[in-house]
Structures are given as structure tokens and as C-alpha cells.
1. Using DSSP, restrict attention to beta bridges with both residues in the chain and report what percent are antiparallel, rounded to the nearest 5.
2. Calculate what fraction, in whole %, of the accessible area of the chain sits on carbon and sulfur atoms when a 1.4 Å probe is rolled over the protein chains.
3. Mind checking the per residue accessible area of the range 180-303 for me, 1.4 Å probe, whole number of Å²?
4. Considering only Cα-Cα distances, which of the following residue pairs are longer than 23 Å: LYS129/LYS204; LYS207/LYS261; LYS401/LYS495; LYS261/LYS365?
5. For the pairs LYS268/LYS320; LYS71/LYS107; LYS280/LYS417; LYS249/LYS445; LYS35/LYS107, flag any whose C-alpha to C-alpha distance is greater than 22 Å.
6. Sort 83-96, 280-293 by packing, meaning the average of other beta carbons within 10 Å per residue, with the highest value first.
7. Out of residues 5 or more away from ILE142 or on other chains, whose amide H comes under 5 Å of its own, with H placed 1.01 Å from N in the peptide plane?
8. Shape of the range 1-53 from its Cα gyration tensor (a ≥ b ≥ c, root eigenvalues): rounded if a/c is under 1.5, otherwise prolate when a/b > b/c, or oblate?
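The values are calculated or read from the model by the stated rules, or taken from the named source; none is laboratory data. Small disclaimer: the values here were computed from a predicted structure and weren't measured. Positions of Cβ are backbone-derived with ideal geometry, glycine not excepted, and every protein chain shown enters the neighbour counts. With ligands, DNA and RNA removed, areas are computed over all heavy atoms of the protein, side chains included. Shrake-Rupley method; radii C 1.70, N 1.55, O 1.52, S 1.80 Å.
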Amino acid sequence: MLKNAESLLISYVEALRPIIYIHHFDFKTIDLMLKKISYSAKILEFNPALGAVDFHNKTRLVSSAEQWDLKGFLESVLDEGYDYPLFVVLKDVHPFLEDPAIISLLKMIAERNMYQEDFYATVFIVASKLVIPGEIGDYITIFEVPLPDETEVAHIICNFAEGYQIEVDPDTLGEISISFKGLNEFQITQILNLAYQDGGIIDKGDKELILMEKEQFIKKTGMLEMVPLKESIDDIGGLEILKEWLLKKSKVFKNLDKAIKFGVDIPKGIMIVGMPGCGKSLTAKATAQLFEIPLVRLDVGRLLGKYVGESEENMRRAMKLAEAISPCVLWVDEIEKAFAGVGSNSGNEVTTRLFGQFLTWMQEKENTVFIVATANDISNLPAEFLRKGRFDELFFVDLPKEEERRNIIEIHLKRRKKWNKSIDSILLIKETEGYNGADIESIIKETIEQAFINGYSQITTDHLITTIKDTKSISVTLKEKIAQIRKTVVDMDIKLASRSEIR
């Protein structure tokens with residue numbers, strides 16, 4: 001892939017692209033690439049700390065005063081681009097790209113390169129931060145160095161292992177290579193060094209180190225949120241059809257390397273629709289735990305910016321980041337609120353564009369990003385979002401039926417070590433008709449608190465029923481909304497998450 005990148009960079013130079021903005025942090029990698037493609041070109045380098053430096057040995061050049069500041073350096077370039085081709089490498093100069101004098105000089109160099117036959121000077125701006133001045137935006141070509149693909153990652157691992165005389169079995173190599181996807185060569189080497197120092201070997205246990213590095217990735221950008229994994233699929237009461245479906249898909253994600261080689265289509269994701277407090281968010285968390293991959297949450301509201309185009313750029317970066325840290329579960333909670341009004345006259349233009357971006361990405365994305373989208377009501381979502389191919393399956397989560405309520409009651413009592421055989425679960429099931437999972441959890445928490453305050457050593461069925469009588473169920477407080485959601489689900493023929501009929 002890096003060879004393809006070099007070829008693309010050469011094509012930009014030969015096409016007289018005057019300013020190439022290389023958005024990257026690893027200057028050593030960029031230096032090697034520029035050196036390979038320079039051929040007979042002379043390379044001039046500038047950085048704000050040292051001024052003009054020798055590109056090859058990075059020593060400061062002090063032959064003339066103008067080499068100490070960017071303005072003077074660029075003025076000298078105007079006189080040097082005639083006798084031989086020039087590569088002008090400007091590193092970390094993005095803070096100066098709002099200076100009218102700097103912008104003017106860059107524009108002059110760009111125009112001479114494009115329109116004067118005897119002037120050859122290609123400017124390379126190399127920086128980890130992307131700053132594009134509007135005045136010269138048309139002259140700038142953005143170039144991003146692609147990350148290593150799985151084959152290149154495997155090659156990096158093998159080279160490292162060979163250097164330290166470590167054996168890496170083929171299964172481990174395949175799995176680790178997929179886990180490393182989204183990291184650059186520098187980051188991969190750093191983790192391999194850490195793994196070697198930790199145990200002197202490279203094995204599947206090193207996936208935890210890779211996850212920690214990717215978590216750093218996420219924290220630095222602020223675009224996505226890494227969600228800690230505490231819940232398991234056993235914490236979900238009921239939803240047996242949905243859980244069985246996830247268990248099947250987990251076999252693919254737990255063996256991604258083998259599945260891909262076998263020709264399996266990697267699952268894209270699911271939409272979970274249903275009542276508030278019925279386990280949709282819990283399922284998103286349990287899915288990542290089950291698949292043994294990280295869970296990241298996308299909050300569309302966090303992406304909204306105050307400048308024109310900023311929101312769209314943030315969405316692009318968030319989607320790119322999700323792919324970079326894959327395999328992962330991308331959780332979009334209450335997606336109907338994130339894209340409220342899309343497709344109607346009340347829809348915000350920015351929200352509509354973000355929705356379009358998200359749709360396109362879903363269609364074209366790297367498939368090791370498994371989407372879990374949750375929604376309470378999808379009646380106002382555009383039909384194209386729900387069509388076949390966006391998601392592998394749409395599931396409806398209704399209020400828990402009797403057996404599911406029993407499971408939920410037992411799960412919460414056992415988690416808090418308050419379950420005892422004297423508790424009449426049959427009676428509790430009858431008393432909690434119309435309650436959702438969140439209602440039931442709240443009842444149990446309140447009962448345990450009251451038992452502690454009143455000095456009881458354990459809780460009884462009567463204690464729980466007393467709390468139930470004082471708690472209004474969701475079926476009472478949101479009666480009309482629930483009826484509307486159920487009607488939408490029936491009309492759209494969405495698959496049930498439980499073995500029960502819609503009431």
C-alpha cells in the first residue's frame with residue numbers, strides 16, 4: 001500500500017500540483033517517501049524551531065539571515081526554482097498559514113510552478129494538523145498516507161519477530177494482524193516492543209495491549225467515546241431470539257481471520273427498536289463483550305460545529321476513526337433523535353447532510369465495524385435508512401413477557417446477592433405486568449435500600465410488592481407512545497427479539 005502511496009505522490013508532482021499537504025505525524029516515514037520520489041530534485045527543508053535545515057542530516061543551515069524565518073525562506077525559494085527541480089518541505093508551519101505574507105508567497109510559488117515553464121518547485125506542507133487557508137485552497141492537494149493493510153501488518157510483525165528470534169504461529173499472526181489494523185507502523189512497532197518486554201513472546205494475549213493503544217487513539221480525538229465493557233449477554237433477561245442471533249455472529253468475530261479466508265461475509269450490524277428501558281443499550285454493550293472487540297459510541301450531537309462544513313468534516317473523521325480502530329462495535333444510541341427531521345420540511349440542512357454521509361458510509365464501510373443502532377421510535381426515519389442491506393437484521397424489543405420478567409428479577413437480585421428461595425417469583429411476575437426492565441431494576445434497588453434503612457437482614461416478596469404498588473409502570477406513563485411504536489413495528493414487519501407476540 002505504501003508503494004501505491006508513493007506512486008500517487010509522484011503522479012501529483014508530475015501533474016504540477018503546486019502545494020501538497022501531507023497530513024501525518026510521523027516525519028521519518030514522510031522523509032523516506034520524499035527521498036524515494038525526489039530523484040534529481042534538490043530538497044529544501046524548513047521547520048519553525050531551527051529555520052532552514054539540511055534535509056538529509058537535519059543540521060541547521062545558517063548561511064544567510066533569511067533562512068531563520070519562514071517568510072525569508074520562501075522568498076529565497078522564488079530565486080532557486082529555475083536551474084533544477086525543487087522539493088520545498090515545510091514542517092509544522094500550520095500556525096503561520098494565517099499570515100497574509102506567507103499566504104502570498106506560497107501563492108506566488110504555486111503560480112510559478114504551474115505557469116512558468118522554467119520554474120520547478122513543489123511545496124510539501126507536512127503537519128499532523130490540517131489547516132487550509134481559503135486564499136490558496138485551490139492550489140492545495142491533501143495527501144494522507146494510508147495505514148498498513150493486513151498483509152503489510154503481518155510483514156511488520158514477521159520482521160520484528162525475526163529480529164528478536166521469536167516464533168509466531170500462523171493463527172496468532174492472522175488474528176494479531178487484524179487487531180493491529182488501523183494503527184501505523186510506528187504504533188505497531190511500539191506495541192510489539194511492549195509485548196516483547198512484557199513476556200518475551202507475541203501471542204493472542206497481546207490483543208489487550210492493542211486495545212489500550214486504540215483507546216488512546218479515541219481519547220485524543222474526542223470524536224467517539226470508548227465504553228467500558230462490564231455487561232455480558234447473561235445480564236440480558238429474555239430476548240432469546242436476538243441473543244441466539246448474536247451468538248451465531250460472535251463465532252465470526254471471534255475468528256475473523258479464519259472467517260475472512262473462508263469467504264464469510266462479515267456481519268454489518270443490527271437495528272434494535274423498542275420500548276425505553278427494555279435492554280437495547282444493554283444489548284449493545286453485551287454484543288461487544290460477546291464479540292470480544294471494543295465498543296465505541298457515536299454521539300452525533302458531539303460532531304456539530306459552528307463553522308460551515310465543520311460538522312461534515314467531523315462526521316468524516318469519526319467514521320474514518322471507527323474504521324481505523326476496527327474490529328469494533330459502533331453504537332449509535334437513539335438514532336432517531338440524532339437524525340430528527342431528516343426527510344421532512346422541518347429537517348435541518350446540516351443534519352440532512354450528516355445523515356447522507358452516514359448512509360453512504362454504511363454502504364461502503366469496512367465491514368469489521370459492526371453497527372448497533374438503537375431507537376425507541378423509527379416511524380419518522382427515512383425509508384432508505386431501513387431498507388435491506390443497511391443492516392443485517394432489524395429487531396423489535398417489546399415489554400418483557402412473564403418468563404423474561406422472572407429472569408430480570410432474578411438477575412438483579414442475584415447480582416446484589418439478595419436472591420433467596422422464599423421469594424415468590426410467580427406472584428412478582430403477575431404484579432409486574434406492563435413494567436419494563438428499567439422499572440423492575442428500579443423496584444429492586446428501592447426495595448433493597450428500604451430494607452437496609454429499616455434494618456432488615458433480607459428482603460421478602462411483600463417488601464418487593466410494596467415497592468411495586470408505589471411505582472408507575474411505563475405502560476401507564478407512555479401508553480399512547482407504546483401503542484404507536486407497536487403499530488409501526490407491525491406495519492414494517494420487524495423481527496421480534498423475544499419468543500412472544502406483540503400485545
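1. The antiparallel proportion sits near 15 percent.
2. 51 percent
3. For the range 180-303, the solvent-accessible area averages 46 Å² per residue.
4. From LYS129/LYS204; LYS207/LYS261; LYS401/LYS495; LYS261/LYS365, over 23 Å: LYS129/LYS204.
5. In this structure, LYS280/LYS417; LYS249/LYS445; LYS35/LYS107 exceed 22 Å between Cα atoms.
6. Taking the mean over residues of other Cβ atoms within 10 Å, the ranking is 280-293, 83-96.
7. Here the answer is TYR21, since their amide H atoms fall under 5 Å of that of ILE142.
8. Judged from the Cα gyration tensor, the range 1-53 comes out prolate (a/c at least 1.5, a/b above b/c).
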